[in-house]
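The values are calculated or read from the model by the stated rules, or taken from the named source; none is laboratory data. This is a predicted model, so every value here is computed, not measured. Quick reminder, even Gly has a Cβ in these numbers, built from the backbone with ideal geometry, and neighbours come from all protein chains shown. Accessible surface areas use protein heavy atoms only, side chains included; no ligands, DNA or RNA. Shrake-Rupley method; radii C 1.70, N 1.55, O 1.52, S 1.80 Å.
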Amino acid sequence: MADRVTEKKQDWQVKDLLDLDYFLALDADQDEADLQLRDKKMAEDLLRPAMGAGTLTADASTEVRSRGLWLWLQQRKQDAVRGRGDEEALLPGQVFFQTSRMVKWLGGILMLLMGVSLVFSLLHVREQYFNVMMFLVATLLPQLALLILLIVGALFRKLAGKEVASGGVASSLLRAAMLWLSARVRRHHVGDALQGQWRDLKDKSYLLSPVLVMTQTMAVFYNVGLLLGFGLCLLSRDVRFFWESTPGIAAVEAIEQVVKIVATPWGSLLSGHLPTYDEIAATRVTFEGSEKVFPSSEVVESAAAWVPFLTGALLFWGLLPRLLLRWGVGFWAKSQLRNYGFVERRHRELWRRLTALRVEVSNAGPGDEAVVLLWGGLQPDEQALRKVLLQQLRLNPVETFVAGNDADAREDVRKMAQVTEKVVSMEVGVRLVVV
């Protein structure tokens, strides 16, 4: 087999898992005998030289299985390129990667502009001032409430024994939209059958990780937009900072407590830059008749009192949690890929085709005919085993089967029994040897 892929280090990404499942879906419609012939040849020509014959066993470790499937996938990709006569074989993994990157950056820019727009919308145009409490409520409260709901929801799902693999309705819609867009990026290259197979991939659990990474990246952009909009307002306008409330003294005391609670992460370091009780009281807007009365700048410099506090609130309660969550989601996504077990039925069937010993039919050699069953995934040297059977047991192995310890071992035993029955019906003296 030409163009062997043995030099590239195994490094699974979501796009590779998509392509693996895509090729396995194509194999589902192929003849089983053809698949066995193809995969046995690939195992002999590619996997065994690259990994060592002794590693390809039915009960191989996850690391070995991951490496073997990786080599198999790279070879299938190369075969697909040659089959199309095109250096850009259109596979769902690559299109998904390109589309998700485009959606991530476009969505990030959109969220950045939304953050900037929200801050400018909170600025009272005529009087050129921010209502401090409305500013905090509009910029931070929805984000914190959403984070709390997500955490509580995840805890409840875990306690209920449900898999914490749901990104919510928004993530599901975004994931479906990305797959829908991927199937139409270069529609003139993709037939209806391939588009149908692409759509079948949209429910794969590993698609949750890139969606979560994408949504948290957008959230980071949104908070950067809040800070950018706030900075632009300060640089381009002569902005004041006030607040309003019907109760008088009680409201001042309540807002002072709010300031202390919000400033807890950085208050001890920048205590001299937090609004004091007197400054809070002095920046309150009152009414005289039907007219608002704004405190004079000679009484209090509202920007000096409130700007450091509001900037710190946006940093510590807006941007910083999102950066930490983005890092945490990214770390989780990488660990999910590193620990991916390849335990789905199609993965197991492929691995069994790659690790099954090639069936030998031979009429040479002395002694009776024998069917050999390698139980427990053992894979001794074929020539050495044949020599032992011929010389010591005087049995000539005509059929060899591997039965691993997994649930699919029953299928191997069934096939072995069918072949044994067939051989017995033709020849007398066939024996079963279990190794």
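Could you rank the peptides 15-22, 139-146 by their average count of other C-beta atoms within 10 Å per residue, with the highest value first?
So the peptides 15-22, 139-146, ranked by packing, come out 15-22, 139-146.
Short version: ³J(HN,Hα) in whole Hz for each residue of segment 300-308, in order, from phi by Karplus 6.51 cos²θ - 1.76 cosθ + 1.60 (θ = phi - 60°), x for Gly and Pro, what are they?
7, 8, 5, 5, 5, 6, 10, 4, x
Using a 1.4 Å probe, how large is the accessible area of ILE261, given in Å² and rounded to the nearest 10?
110 Å²
Cα-Cα over 29 Å: which of LYS40/LYS334; LYS40/LYS104; LYS104/LYS260; LYS41/LYS387; LYS41/LYS334; LYS77/LYS387? Could the numbers behind the result be given before it?
Values: LYS40/LYS334 31 Å; LYS40/LYS104 41 Å; LYS104/LYS260 36 Å; LYS41/LYS387 24 Å; LYS41/LYS334 33 Å; LYS77/LYS387 39 Å.
The pairs that break the limit, which is 29 Å between Cα atoms, are LYS40/LYS334; LYS40/LYS104; LYS104/LYS260; LYS41/LYS334; LYS77/LYS387.
Please compute the length gained on full extension between GLN128 and VAL285, using 0.36 nm multiplied by the number of residues separating them and subtracting their Cα-Cα distance.
55.2 nm
Quick check: net charge around ARG346, other residues with Cβ under 9 Å of its Cβ, Lys/Arg +1 and Asp/Glu -1? Let's see the in-between values first.
Working: positive: ARG345, ARG348; negative: ASP21, ASP27, GLU344, GLU349.
With Lys, Arg at +1 and Asp, Glu at -1, the neighbours total -2.
How would you rank 306-317, 125-136, highest first, on the average number of other Cβ atoms within 10 Å across their residues?
306-317, 125-136
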